[in-house]
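K.L.:
Starting off with a structure, shown below.
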Amino acid sequence: MARERLAYTLHEIADAFGYEVEGAAAEVVITGVAALADAGPTELTFLANPRYTAQARTTQAAAILLSRGMAADGLPCPVVRVPDAYLAFAQVAQWFHRPPSPPPGIHPTAVVAASAQLGADVRIGPYAVVGDNVRIGDRTTLYPHVVVYDDAQIGADCVLHAHVVVREGVEIGQRVIIHNHVTIGCDGFGYAKRPDGRWEKIPQAGRVVVEDDVEIGAGTQIDRASVGETRIRRGAKLDNLVQIGHAVQIGENTLLCAQVGIAGSAVIGSQVILAGQVGVAGHLTIGDGATALAQSGIPNDVPPGQQVAGYPAVERRQWLRISAAQAKLPALLKLVHTLETRLAALEAKCSAERKLE
């Protein structure tokens with residue numbers, strides 16, 4: 001499907017966001033956005049970090065989004081003053097990004113239950129399956145091979161990419177983006193041990209709730225609870241290959257980076273950042289605004305606002321001291337061995353002298 005080509009004047013873009021243009025050529029036509037090194041004469045770029053100032057001075061861009069407080073000296077094109085150039089770039093980029101989507105309506109190969117309730121302008125792609133009593137809001141798109149089990153709810157303006165599975169009873173809010181091969185509402189990992197050593201499966205009868213404006217990366221799995229619910233709160237962003245265990249609570253606007261794993265019944269606060277491959281034990285609480293560095297293992301509660309790292313995760317500055325000490329361990333071991341050798345020799349000498357007395 002061909003994409004519509006869009007173009008705006010620099011003045012139109014600046015006015016739309018309340019920005020200020022410095023320099024001439026406010027009427028120059030902008031057809032897209034690009035990085036400093038790649039931008040052409042009709043593209044808009046950005047400078048948010050002073051380290052890239054030299055690169056900005058050689059850019060071929062039509063104009064530069066520049067954070068307030070940064071000098072414009074030597075820049076070869078007009079500047080658009082913005083509070084945060086990186087954020088402004090993200091917002092303007094949305095004007096020029098028009099991803100393709102299935103045509104309006106239901107593809108002939110899709111299977112939609114007669115009891116399903118579909119809102120206005122819903123798009124359902126080839127071989128998608130929509131079960132009984134499913135409710136789908138206005139303008140939501142289901143790409144090919146999406147499967148929505150019975151009694152699930154999906155709000156308005158959502159996008160579910162190919163091979164997403166939404167299990168029975170799952171509730172998804174509005175403006176949610178779910179990338180390929182995500183499963184929401186699969187059984188939680190719950191078993192009770194029998195006296196003979198075998199495992200008895202605990203029924204996973206709870207549900208999953210995904211609130212508004214959440215984005216879920218490819219390959220992520222979100223388990224349903226055995227009782228109660230697993231909940232992903234408004235504005236949370238989950239990267240690829242994230243594992244959310246049963247009855248986990250994820251707070252508003254929290255970021256979970258790739259390969260984060262969270263065990264059952266953990267509570268993650270709002271505005272938390274868990275970097276790549278962080279592991280979180282079950283039944284603990286991570287406070288609002290906390291940050292865990294990559295590959296941290298978190299076995300205990302984390303206070304609000306604290307930065308932690310390492311395994312077991314400790315306060316970041318303590319982890320830096322521990323890491324520095326670990327680097328010295330080989331030399332320390334060698335020194336200890338040398339001292340032990342000298343001490344043994346000294347003890348042998350003293351013992352020999354005592355015998356002579």
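K.L.:
Can you tell me which of (1) crowded, with 17+ Cβ neighbours inside 10 Å; (2) of a type in the set (Val, Ile, Thr); (3) part of a loop (DSSP other than H, G, I, E, B) is the one residue 80 doesn't meet?
P.N.:
(3)
K.L.:
Given the structure, is residue 190 modelled with pLDDT under 95 and either on the phi > 0 side of the Ramachandran plot or buried (at least 17 other Cβ atoms within 10 Å of the Cβ) (or both)?
P.N.:
Taking the combined requirement at face value, the residue satisfies it.
K.L.:
Quick check on my filter: what residues within segment 74-97 are charged (D, E, K, R) and under 20 Å from residue 6 (Cβ atoms)?
P.N.:
Hits for segment 74-97: nothing passes.
So that you can scan it fast, the table gives a plain yes or no per residue for (1) out of contact with any Gly (no Cβ under 7 Å at 6 or more places or on another chain); (2) closer than 22 Å to residue 303 by Cβ:
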residue: 208; (1), (2): no, no
residue: 259; (1), (2): no, no
residue: 263; (1), (2): no, yes
residue: 273; (1), (2): yes, yes
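K.L.:
Further, regarding this structure: Pull up segment 288-309, narrow it to residues that are in contact with a strand residue (DSSP E or B) (Cβ under 6 Å, 6 or more places away or on another chain) and small (Gly, Ala, Ser), then point me to the one that is nearest to residue 246 (Cα to Cα).
P.N.:
Applying the filter and picking the extreme gives 297.
K.L.:
Going through 46, 96 one at a time, which residue ends up being in contact with a helix residue (DSSP H, G or I) (Cβ under 6 Å, 6 or more places away or on another chain) and aromatic (Phe, Trp, Tyr)?
P.N.:
Just a single option satisfies the conditions, and that option is 46.
Conditions (1) part of a loop (DSSP other than H, G, I, E, B); (2) more than 21 Å from residue 279 (Cα to Cα), marked per residue:
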{"site": "200", "(1), (2)": "no, yes"}
{"site": "205", "(1), (2)": "yes, yes"}
{"site": "213", "(1), (2)": "yes, yes"}
{"site": "246", "(1), (2)": "yes, no"}
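K.L.:
Inside segment 83-105, can you point out the residues that are at negative phi, outside any loop (DSSP other than H, G, I, E, B) and either modelled with pLDDT of 90 or more or acidic (Asp, Glu) (or both)?
P.N.:
85, 86, 87, 88, 89, 90, 91, 92, 93
K.L.:
If you don't mind, another one. So which pairs qualify, if the first residue must be in segment 37-63 and assigned by TED's automatic domain parsing to the domain that holds residue 73 and farther than 20 Å from residue 7 by Cβ, the second must be charged (D, E, K, R) and modelled with pLDDT of 90 or more, the Cβ gap must be under 8 Å, and the two must be at least 6 apart or on different chains?
P.N.:
Going by the 8 Å Cβ cut-off, the qualifying pairs are 48/84.
K.L.:
Here is a further query. Looking only at segment 61-74, count every residue that is more than 16 Å from residue 9 (Cα to Cα) and buried (at least 21 other Cβ atoms within 10 Å of the Cβ) and tell me the total.
P.N.:
Looking only at that region, the number is 1.
K.L.:
Which ones in segment 216-236 are of a type in the set (D, E, K, R) and either buried (at least 18 other Cβ atoms within 10 Å of the Cβ) or not in a strand (DSSP E or B) (or both)?
P.N.:
Hits for segment 216-236 are 223, 224, 231, 233, 234.
K.L.:
Name every residue in segment 308-357 that is in a helix (DSSP H, G or I) and in contact with a helix residue (DSSP H, G or I) (Cβ under 9 Å, 6 or more places away or on another chain), in order of residue number.
P.N.:
Result: 325, 332.
The values are calculated or read from the model by the stated rules, or taken from the named source; none is laboratory data. Because the structure is predicted, anything quoted here is derived from the model rather than measured. Cβ atoms come from the backbone with ideal geometry, glycine included; neighbour counts cover every protein chain shown.
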